[in-house]
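The values are calculated or read from the model by the stated rules, or taken from the named source; none is laboratory data. Here the structure is a predicted model, which is why all the values come from computation and not from measurement. When we count neighbours, we look across all protein chains shown, and the Cβ atoms used for this are built from the backbone with ideal geometry, even at glycine. Only protein heavy atoms, including side chains, enter the accessible area calculation; ligands, DNA and RNA are left aside. Shrake-Rupley method; radii C 1.70, N 1.55, O 1.52, S 1.80 Å.
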Amino acid sequence: MSNNTDNRFQAIISHAKEYGFVFPSSEIYDGLSAVYDYGPYGSELKKNIRDYWWKSMTQMHDNIVGIDAAIFMHPTTWKASGHVDNFSDPMIDNKDSKKRYRVDHLIEAKADVLKEKGEGDKADGLIAAMEKLLATEDYTGLKQLIEDEKIVCQVSGTANWTDIRQFNLMFATQLGSVAEDADTIYLRPETAQGIFVNFLNVQKTARMKIPFGIAQTGKAFRNEIVARQFIFRMREFEQMEMQFFVRPGTQMQWYNFWKEERLNWHLSLGIPTEKYRYHDHVKLAHYADAALDIEYEFPFGFKEVEGIHSRTDFDLKSHQEYSKKKQQYFDNDIDDTTGKPFGNYIPYVIETSIGLDRMFLLILSHAYEEETITKEDGTSDSRVVMKIPAKIAPVKLAILPLLKKDGLPEIARELLDSCKASFKCFYEEKDAIGKRYRRQDAIGTPFCVTIDHQTKEDGTVTIRHRDAMTQERIPLTAVKQLVLQAID
Ligand code: GAP
C-alpha cells in the first residue's frame, strides 16, 4: 500500500471506532486478533445491508425462499462437502518467533514491498511464480522461492523457516458434556451446506419448481492464520449466500444471469461501475465448472467481495452418497427433444456468496470522505462525511430543534413520533447546529431537519442534505414523505 492509501485506510479504521461502527473484540483485554464487534451505528448499518440483500434476493425474486439453518451441523456434512479433506492452506512457521504465516500472504507482502519500491515487474514475476507453484502444490518450490527472495519473519527478522504444511481452517469443538463421549463437530466455515442438506425439505414444503433458489445469511468461522486488513479477513464473519438449483445443462445460462444480477445489486447502491471488476478463476475448486469473483477497489487495491460459483451437482451428489438419502428432483416439464418429462435428476447449482462484513467495509471505503469546505465569508472549514447510500444509512433523519425552549422541542418530538416507526431517527437538542450537523455527517445521516421559530409561524422546517450540504425550506408535513422517497 502506498502511504496515501494506507493513511486513508487507517483513517477509516479510526473513524469506524470513534463513531461507533466497529470495535476490536474484547478490547479491554487488548482485543482478539481478526475478531470485531459492531457498535451502535455499525450494527444498524450491518443490519441494513443484510436486509437490503435479503429483500432483493427473496422478496424481489419470487422463485427464491430463505432459511435459517443452525451453525452446528452433523460432522459428516463436512466430510461430504470436502472441507475435512480439502479446506486447508499451505502454511510456514518461523522457527525463531514461532509465528505462522500463510505462504501466499507472505509472498504477496513481499510483492507489495517491491511495488512500493517501484519494482512492479519484479513483483508481478514473483506473484506469477507463486501462483504456478501453488497450482501444482509444489511446496518445496515455494519454500525455495521464499528463501531465494530472502523473505524474513516480521517478528524475528530471520529467514529460519520450517517446511510448508497444510492446515485445516475449520474450528473444531466438542458436542456432549463429557470429553470421552464427545463427538468432534465444526463451526461451519460456510453457510452453503445448511442450504444443501435442506434442499428437499425446502423444495417440498415451499413447493418450489426448478429453477429456484434458497437464500441464507449467517455466521461462518475460519481459522484464518494471517488475518489482516481490519474486517476484510476475519475469523468469525457473516455470509449472505444463495444456492440456485437448475436443470443440468442450463448452468452456464444461469451463471451468466447471476453474474450480471449480482453486479447490478452492487450498482443499485449508487457505487460507480469503475470501482468494480470481474475476476474469472483460472484454477477451479474441485466442485466447480466455472467461478468468478466480483472485486471492488478497496483502499488497498482490487479485492474479492463476492463469489459466483457454478458448483455442478457436486454437493447434493456427495450428500446423497454420504447420507444414503436420495437428493433428486422430479422435473415434469416436457423436454422438447424427447417429448417426455425431464424426469428425475440431481440439480446443478449456481451459488452467489458475499461476505456481509466485507460488504460493510466496502460501504465504509466508498462512503468515507474528508472534505474542505469554503464558507460564505471566504474562510474554509473541513468535515469528515460518510456518504452512505440513504437506503442503508444507520440513521435516516436527524431531528434538531434549534433551541431547547419556546416549544421547539415539542414540535420536534411530535415529528420524531410520527417518523420513528417508519425509519431510524435521531433526536438531539445539545450544541450549536453546525456541530450537530458535523456529528450527523460523521455517521452518514442523509437528512437533518431543523425546527426553528419560523416553524411555529408557517409550519416549515429547514432540511439539510448531507452530500451537497444544501438546505431548503419545506413544510413540516412533507418531511416524512421526502425521507421515505429517498430510502425506498
Ligand atoms: N460458499 C462459498 C464460499 O464460502 P468463499 O469465496 O470462501 O466461498 C465467500 O467465501 C465470501 O465470503 C467471500 O467473497 C468473502 O466476501 C467472504 N469471506 C470469506 N472468508 C472471509 C473472511 N475470513 N472474513 C470475511 N469475509 C470472508
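E238 - would you say it is within 14 Å of the ligand (Cβ to nearest atom), open to solvent by 10 Å² or more (accessible area, probe 1.4 Å) and in contact with a Lys or Arg (Cβ under 8 Å, 6 or more places away or on another chain)? Considered against the rule, which asks whether it is within 14 Å of the ligand (Cβ to nearest atom), open to solvent by 10 Å² or more (accessible area, probe 1.4 Å) and in contact with a Lys or Arg (Cβ under 8 Å, 6 or more places away or on another chain), E238 comes out as yes. Filtering T191, T184 for residues that are over 22 Å from H105 (Cβ atoms) and either within 16 Å of the ligand (Cβ to nearest atom) or at pLDDT 95 or above (or both) leaves a single hit, T191. For the stretch 465-474, a residue qualifies if it is in a loop (DSSP other than H, G, I, E, B) and free of Cβ contacts under 8 Å to residues at least 60 places away in the same chain, and the qualifying residues are A468, T470. Just give me the residues in the stretch 393-437 being in a helix (DSSP H, G or I), farther than 20 Å from H453 by Cβ and small (G, A, S), in sequence order. Matches in the stretch 393-437: S418 only. Could you please let me know if Y345 is under 30 Å from Q10 (Cα atoms), touching a residue at least 40 places away in the same chain (Cβ under 8 Å) and open to solvent by less than 50 Å² (accessible area, probe 1.4 Å)? No: the conditions fail for Y345. So for the stretch 28-48 (the condition being within 16 Å of the ligand (Cβ to nearest atom), of a type in the set (K, R) and in contact (Cβ under 8 Å) with a residue 12 or more places away in the chain), does at least one residue qualify? Yes: the stretch 28-48 contains one or more residues that are within 16 Å of the ligand (Cβ to nearest atom), of a type in the set (K, R) and in contact (Cβ under 8 Å) with a residue 12 or more places away in the chain.
Can you list the strands (runs of 3 or more DSSP E) lying wholly within the stretch 305-392 that have 1 or more residues being within 16 Å of the ligand (Cβ to nearest atom) and modelled with pLDDT of 95 or more? Spell out how you get there, then give the answer.
On the way: elements: 329-334, 341-345, 348-355, 368-374, 380-386.
Where strands (runs of 3 or more DSSP E) fall fully within the stretch 305-392 and carry at least 1 residues being within 16 Å of the ligand (Cβ to nearest atom) and modelled with pLDDT of 95 or more, they are 348-355.
Screening the candidates H286, H279 for the property of being within 14 Å of the ligand (Cβ to nearest atom), in a loop (DSSP other than H, G, I, E, B) and in the same structural domain as G218 (by TED's automatic domain parsing) yields one hit, H286. Taking the stretch 33-113 and the strands (runs of 3 or more DSSP E) fully enclosed by it, the elements with 1 or more residues that are of a type outside the set (D, E), under 26 Å from L362 (Cα atoms) and in contact with a Gly (Cβ under 6 Å, 6 or more places away or on another chain) are at 64-66. Looking at T462, T455, T477, just one residue is in a strand (DSSP E or B) and either over 29 Å from the mean Cα position of the chain (by Cα) or not small (G, A, S) (or both), and that residue is T462.
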